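Data block below; observations after.
Taken together, the values in this text are just the output of simple stated rules run on the coordinates, not laboratory data. The structure presented is a predicted model; accordingly, all values stated were derived computationally and were not measured. Note that each Cβ is placed from the backbone with ideal geometry, even for glycine, and that neighbours are counted across all protein chains shown.
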Amino acid sequence: MQLSDELSLTGFVEYEYFAYTHEEGVDRIDSRNEIQFHSEWTFQPSSSVKGLAVPELRYDLSDETRNRVFLDEAYVDIYRENADWRVGKQIVSWGRADTLRPTDLWKIRDYTDFFDDEEEGIVGAQGRFFSANLTVSLLWVPYFQRHYFPLTSPGNRFFLLPSAVPSGYAIPGLSHPGAYRLTYRELRDAIPDDTIDSSEGAIKLEYSRGGWDLSLSFSRLHDRLPTYVDGINLPTGGAIVVAEEIDDQEGNTAVLGIRPHYERILVVGMDVSTTFRKVGFRGEAAYVITSDRNASNSRIDDPYVKATVGLDYTISNFVGDQDLFVLLQYAVDVQLPHSDTKNVLQSDIRHYYEHAALTYFEWQISDYLRIGMRSFLNAINRDYQIEPEITWSPADSVTLRLGATMVGGRDTTDSFLSAFEKDDRAEASVRFSL
């Protein structure tokens, strides 16, 4: 929508409904009933300057912890002949893989729902410099910014800590054996300050020639998910008790403290893509050098490598004049040089697989109707995630989507996704675009 010669507006309004197939009781959210207002305001006073602001309102009638107003992006671009600059809150997308992208470090993700792919920009300044087949990117982030993670939201279905202590069960730090009703409070004294002392930066070199695209990057940043958390290992480590109330009539209650720590990391990344006779090849890898380089601290990850490689192909005229897109990928997460140790833990979203297979299929029935399915299979522990969906656009400004998320695993294995096997859900949404 062109509001003036310099100002334009696009966006959408979306209603989204999720219904979980297993009810978790009064303490857990069993549905999503959410509306989003998303707008993109573009101001371009000249060919060399452009500004963008992307405010979004999210309101969920079922889960108030998801309600917020925020800026996905808000930045200014300056263009020159052999360079451009971007300053402000921006989504920086690095890497070429799909879903699991180990070099995609420079954006903020929302983990209040593990199975959504919601993200917003990071505040920083980026410069790109062009010369023939080479592009050099410099990125500076002035202060630490972390992912949204449900550390203190017991009603959230992806909250992994107990909401109660059973009767007669003693936890160090609590004055009595259970029963207790538990709530949690985040203790922020170990979070890096919002000052230049916590600033981050990166450099990326990109080269293209003869149908090949390659890049090499070096990044110095923090873990955006907690490196480790004090106060969650209740049976052995004890509790950080913020408040406690003993009531023989109403029951005992306790507020427990959770103290997240975010350590510095160094990341060396690379990616590559090309095409062989209509078969696309893409891959990327990141070597993450943690602060525990000697494997002496069990609370901090040992240095590790994550990599994803894949092939994609479009089968033309799969049915009549309809096409089928196929993407097959393999992902690995290993410790180097201490390969005899393992970072992979059941409750660690950062390392929930060692070897995994990923697929994506999209059947383009028409310009308005498509059927897709995305899947993840842990090759070691056999936990899985499957996401089928149907998308239909009955009009230019209307998109309807029906989908599902199915998760599970074998109870006998130490697998991450098996912890969410009761979180299968049906999904529906309608989007009206401006």
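Tell me the Kirkwood radius of segment 38-91: reciprocal of the mean inverse pair distance over distinct alpha-carbon atoms, in Å. Please list the in-between numbers first.
On the way: mean 1/r = 0.0784 Å⁻¹.
Evaluated on segment 38-91, it is 12.8 Å.
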* To do: Could you calculate the FRET efficiency of M406 with N297 from 1/(1 + (r/R0)^6), where r is the beta carbon distance between them and R0 is 45 Å, rounded to 0.05?
  => 0.75
* **Derived scalar couplings ³J(HN,Hα) [segment 81-98; Karplus, 6.51 cos²θ - 1.76 cosθ + 1.60; whole Hz; x for Gly, Pro]** => 4, 10, 7, 8, 10, 9, 10, x, 7, 9, 8, 9, 9, 10, x, 10, 7, 10
* Structure fact -> Dividing the helical contributions, -39500 (n - 2.57) per DSSP H run of n ≥ 4, by the residues of the chain yields a 222 nm value, nearest 500 deg cm²/dmol, of 0 deg cm²/dmol
* Asked: Going 7 Å from the Cα of D197 in the Cα-to-Cβ direction, what parts of segment 102-146 have a backbone nitrogen less than 13 Å from that spot?
  -> 144
* To do: For the chain, list log₁₀ I(q)/I(0) at each q in 0.09 Å⁻¹, using the Debye formula over Cα point scatterers of equal strength and ignoring solvent, two decimals each.
  => -0.69
* Equivalent-ellipsoid semi-axes (√(5λ), Cα gyration tensor) for segment 308-434, whole Å, largest first? -> 34, 19, 12
* Asked: Residue by residue, what Karplus-based ³J(HN,Hα) values in Hz, rounded to whole numbers, does segment 173-186 have, using 6.51, -1.76 and 1.60 with θ = phi - 60° and x for Gly and Pro?
  -> x, 8, 6, 10, x, x, 8, 9, 8, 10, 10, 10, 9, 6
* To do: Using only alpha carbon pairs under 8 Å that are at least six residues apart, calculate the relative contact order of the chain and give it in whole percent.
  => 12
* **Qualifying trypsin sites (Lys or Arg not before Pro) for segment 257-315 [loop in DSSP, other Cβ within 10 Å: at most 15]** => R277, K278, R293, R299
* To do: Quick one: work out the % antiparallel among DSSP beta bridges in segment 163-247, nearest 5.
  => 100
* Structure fact -> Amide H contacts under 5 Å for A404, restricted to residues at least 5 apart in sequence or on another chain and with H modeled in the peptide plane, are E427
* **Karplus-derived HN-Hα couplings along segment 279-284 (A = 6.51, B = -1.76, C = 1.60, θ = phi - 60°), whole Hz, x at Gly and Pro** => 9, x, 10, 9, x, 7
* For segment 363-434 and segment 166-224, write down the distance between their C-alpha centroids in whole Å. => 27
* To do: Obtain the nm distance between the two label points defined at A379 and V13 by a simple spin-label model: each point lies 7 Å from its Cα along the Cα-to-C-beta direction.
  => 4.8
* Asked: Restricting the count to DSSP beta bridges whose residues both fall in the chain, what percent are antiparallel, rounded to a multiple of 5?
  -> 95
